[in-house]
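A.B. asks: Quick one: structure below, then a few questions.
What follows is calculated from the coordinates using simple rules that are stated; it is not laboratory data. Just so you know, these numbers come straight off a predicted model, no measurement behind them. Here the Cβ positions follow ideal geometry from the backbone for every residue, glycine too, while neighbour counts run over all protein chains shown.
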Amino acid sequence: MRGPVQRHPQPMSSRTRSCLPTAILALALSACASNGPVDQVEGEDVAIMGSGSDSLQSRQLAQVHAELGAENWTKARAALIPLVVGAALKEGQQALDAGRPRDAFQPIEAALVLDPNAGELHFLRAQAALATAPGDSQPVFFYEDAAESFEAAFRLGLAKRQGKVGAQEVSCLVGISRAKRMALDPDMALTLARNAHKAMTQLEGSPPTLDTPISRVWAEAAFDVFVAARKRDDPAEALFAETEDQLSITTADPDHRQWALVQLSNLHQWRGGSSAAIEPIERALEFAPEDGNLHTRLVGLLTDAGGQAAVLERYQRWQRDHPNSALGWWYSAVTLFHLGLAQFEAGNGDENTFLEAQEFFERYGELAPEFLSTAQAYQASCRSAQGFIRLNSGDLDAAEEAFLSMQDVFPGAIEVELGERIPSGLAGLDFVIGKHAQSPEDLDAMSAAARVANYLHAYRPTSAAYANNAGFFNRDAAVLLELQAQGAAKLGAEEESKALFAEALLVMNDSWEAYQVAAEQAPQDVRIVNDAGLVMTYYLRRDVQAALTLLKQARAEGDRTLGELTHEQRAERKWKDPIEAWGDAYQNLGILYLTLLGDPAGSRPFFERALEIGPPRRAWLKTDMLPMVDRLIAGEDLPPEQYSSMVWLHQSPAR
């Protein structure tokens with residue numbers, strides 16, 4: 001039998017800088033555990049990465065190669081383990097530092113198989129578990145795992161130091177406390193935090209480097225135990241004082257100060273002192289004056305303590321102390337806005353409140369241009385609210401001005417609304433029209449209604465409703481102008497009468513233009529289409545074909561949609577106006593045939609059908625119109641004056 005092949009150790013290659021622990025384990029298992037030849041080990045030219053200095057690694061590697069060359073497997077294995085542990089520590093720490101804590105487990109677990117008493121491995125494993133827990137679907141499992149690993153590292157470290165607690169053991173106590181708290185064992189967490197603090201005070205040598213100071217860990221655990229006691233209606237004053245002390249200590253650490261101040265506020269709230277909870281938040285704002293979360297918290301606390309008045313008073317001071325603080329202006333503006341809104345909804349709205357809020361929102365938009373659109377939306381609502389306050393006071397012109405001014409904030413701002421609490425400026429202008437419409441005999445009121453209706457029609461030219469309103473109110477304003485023209489003529493003021501008549505004609509033309517758009521946009525609305533034809537038939541009287549087309553369209557639509565209704569259906573309220581408009585279309589066709597086409601015989605069937613459709617107040621057609629039509633059909637030569645009163649702005653000799 002041939003003896004083992006004697007080989008000299010090979011020099012390390014240029015690749016001897018890094019190696020995954022799995023490769024090292026492969027080497028250990030293949031060459032040491034099996035006591036086999038080293039041919040394949042040397043052939044792999046494996047590189048090994050240790051945790052110590054290059055010189056130490058070199059010596060360790062040299063020892064491994066020497067033992068392997070001499071086929072001293074047990075010694076080779078013993079020399080290899082420190083390299084495996086070092087590599088696992090380095091690889092695991094790199095994974096942690098890179099934000100990949102799960103990737104740290106594999107090298108650590110592999111190394112622990114070789115050296116289960118390596119306390120550093122247990123400590124790093126605990127850190128990996130602690131970092132993995134928040135992102136896992138079962139975080140408690142990882143927190144419990146972290147606590148066990150920290151405990152193992154603590155025991156091993158304590159044994160290594162012959163029962164004396166060192167910096168690493170203090171770190172373990174802190175880690176166990178954090179893990180136990182997150183694993184929903186705050187009482188044990190508190191005990192461990194206290195022990196960690198005591199051990200720290202008795203520590204000889206340099207203190208450990210902690211990611212989280214002991215005072216915070218202690219405060220977190222004490223806070224949880226205090227909250228649990230308060231939920232049992234236990235005042236727990238001793239726990240309150242303990243938590244407050246640790247939080248106060250933590251405020252001295254700049255990295256944890258803001259957290260500690262917010263928790264101090266929370267602590268006082270749990271104790272039942274909203275006023276005492278305000279001061280820590282104000283202190284936190286001194287260090288972060290533009291922290292929106294802190295401002296939101298402060299507003300809530302101030303509201304609980306003293307209502308909106310307290311918020312407003314505090315932020316007015318804040319504005320003075322921090323004139324360029326965007327959030328200071330924001331909360332002042334929002335508080336004023338909601339104060340004004342409450343007054344408005346109670347029926348005693350103050351226009352000046354919204355005016356001041358508007359100015360504050362404008363300043364906020366200047367300081368925080370990234371939120372300019374939000375600031376502008378509020379500005380628009382402030383102007384809308386001012387418009388409604390003026391509207392409710394009866395100052396319609398001022399209300400109109402306020403609603404129109406919304407467009408000065410940004411194009412389209414007139415559409416901004418706060419639900420039903422503050423409707424849009426468009427809705428406000430509709431209300432203005434409605435108020436003016438309550439005085440149908442007042443020329444100024446009707447002219448104002450027409451002016452506003454014209455604005456809405458121009459703003460949204462494809463809206464049938466807006467076009468219809470413009471047609472309607474311009475028509476009524478023109479009628480009143482004509483009446484004034486007639487009155488001036490009776491008084492001998494011919495020039496004034498001519499001027500008023502000319503103005504009336506222009507306004508009626510506006511009505512006609514608007515009605516044409518309305519009829520085009522709502523061809524199935526019998527009322528709108530009929531009214532469009534009516535303006536040309538009764539008033540302008542210059543385009544017979546256009547009027548005839550519109551009235552026939554209205555009649556046909558009425559025949560199609562309303563002609564088949566039963567007697568019971570016609571009695572329903574929803575059909576009242578459409579049916580009346582349908583009858584009007586027939587009546588207006590009769591007027592057109594009679595006055596514009598000079599065809600009394602052709603007009604009679606339309607008047608008869610209008611009488612059939614109703615309503616009853618149309619009976620004058622039977623008592624007055626049809627007898628006159630019959631006289632005309634019979635050939636009587638009636639003077640136009642006898643029927644010219646049926647039309648307006650006509651070109652008859654009576655004019």
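A.B. asks: Please list 3J(HN,Hα) in residue order for the range 328-345, calculated via the Karplus relation 6.51 cos²θ - 1.76 cosθ + 1.60 where θ = phi - 60°; whole Hz, with x for glycine and proline.
C.D. replies: x, 5, 4, 6, 5, 5, 5, 5, 4, 4, 6, 5, x, 5, 4, 5, 4, 6
A.B. asks: Given a cut-off of 19 Å, what percent of all Cα-Cα pairs of the range 389-445 lie beyond it?
C.D. replies: Value for the range 389-445: 29 percent of Cα pairs lie more than 19 Å apart.
A.B. asks: Here's something else I'd like to know. Just want to confirm a number: the relative contact order over the range 540-655, from Cα pairs under 8 angstrom separated by 6+ residues, in percent.
C.D. replies: 24 percent
A.B. asks: Kindly give the semi-axes, whole Å and largest first, of the ellipsoid equivalent to the range 289-438, taking each as the square root of 5 times a Cα gyration tensor eigenvalue.
C.D. replies: Calculated on Cα positions only, the semi-axes equal 29, 17, 11 Å.
A.B. asks: In deg cm²/dmol, rounded to 500, what helix-only [θ] at 222 nm does the chain give when every DSSP H run of at least 4 residues adds -39500 (n - 2.57) and the total is split over its residues?
C.D. replies: -22500 deg cm²/dmol
A.B. asks: Another one. Taking the range 68-163, which trypsin sites (Lys or Arg not before Pro) meet the DSSP loop condition and have no more than 14 other C-beta atoms within 10 Å?
C.D. replies: Listed in order of number, the matching sites are R161.
A.B. asks: Right, next: When only DSSP loop residues count, what GluC sites (Glu not before Pro) in the range 333-442 have their Cβ near at most 14 other Cβ atoms within 10 Å? Before the final figure, lay out each step's value.
C.D. replies: Working: sites: E345, E351, E356, E359, E362, E366, E370, E400, E401, E415, E417, E420, E441; in loops: E417, E420, E441.
For GluC sites (Glu not before Pro) across the range 333-442 that sit outside H, G, I, E and B with at most 14 neighbouring Cβ atoms in 10 Å, the list reads E420, E441.
A.B. asks: Moving on. With axes computed from alpha carbons, what is the tilt in degrees of helix 425-437 against the longest principal axis of the chain, rounded to the nearest 10 within 0 to 90?
C.D. replies: Taking the Cα atoms of the chain, the angle to 425-437 is about 20 degrees.
A.B. asks: Hey, another quick one. If you average the alpha carbon positions of the range 231-259 and of the range 499-543, how far apart do those two centres end up, in angstrom?
C.D. replies: The distance from the Cα centre of the range 231-259 to that of the range 499-543 comes to 78 Å.
A.B. asks: Could you state the orientation-averaged shadow area of the convex hull built on the Cα atoms of the range 79-211, in nm² to one decimal?
C.D. replies: Taking a quarter of the hull surface, the average projection is 8.2 nm².
A.B. asks: Give the angle, between 0 and 90 degrees and rounded to the nearest 10, that separates the Cα long axis of helix 167-182 from the longest principal axis of the Cα atoms of the chain.
C.D. replies: 40 degrees
A.B. asks: Right, another one. What's the angle, to the nearest 10 degrees (0 to 90), between helix 292-321's Cα axis and the longest principal axis of the chain?
C.D. replies: Compared with the principal axis, the helix lies near 80 degrees.
A.B. asks: P(r) for the chain, please, calculated from all Cα pair distances in 10 Å bins and given in %.
C.D. replies: 3, 11, 13, 12, 10, 9, 8, 8, 8, 7, 6, 3, 2, 1, 0, 0
A.B. asks: I would also like to ask the following. For labels at Q438 and M188 in the simple 7 Å Cα→Cβ model, what's the distance in nm?
C.D. replies: Each label point is offset 7 Å from its Cα along the Cβ direction, giving 7.5 nm.
A.B. asks: Okay, moving on. If the limit is 29 Å between Cα atoms, which of K90/K160; K435/K490; K498/K622; K490/K576 go over it?
C.D. replies: Check vs 29 Å cut-off fails for K435/K490; K498/K622; K490/K576.
A.B. asks: Relative contact order for the chain: what is it in percent, counting Cα pairs under 8 Å that are at least 6 residues apart?
C.D. replies: After rounding, I find 4 percent.
A.B. asks: Continuing with this model, one more query. Label points 7 Å out from Cα along the Cβ direction at R560 and K231: separation in nm?
C.D. replies: Rounded to a tenth, the inter-label distance reads 6.9 nm.
A.B. asks: Under a crude label model (7 Å from the Cα following the beta-carbon direction), how far is E496 from E415 in nanometres?
C.D. replies: 4.6 nm
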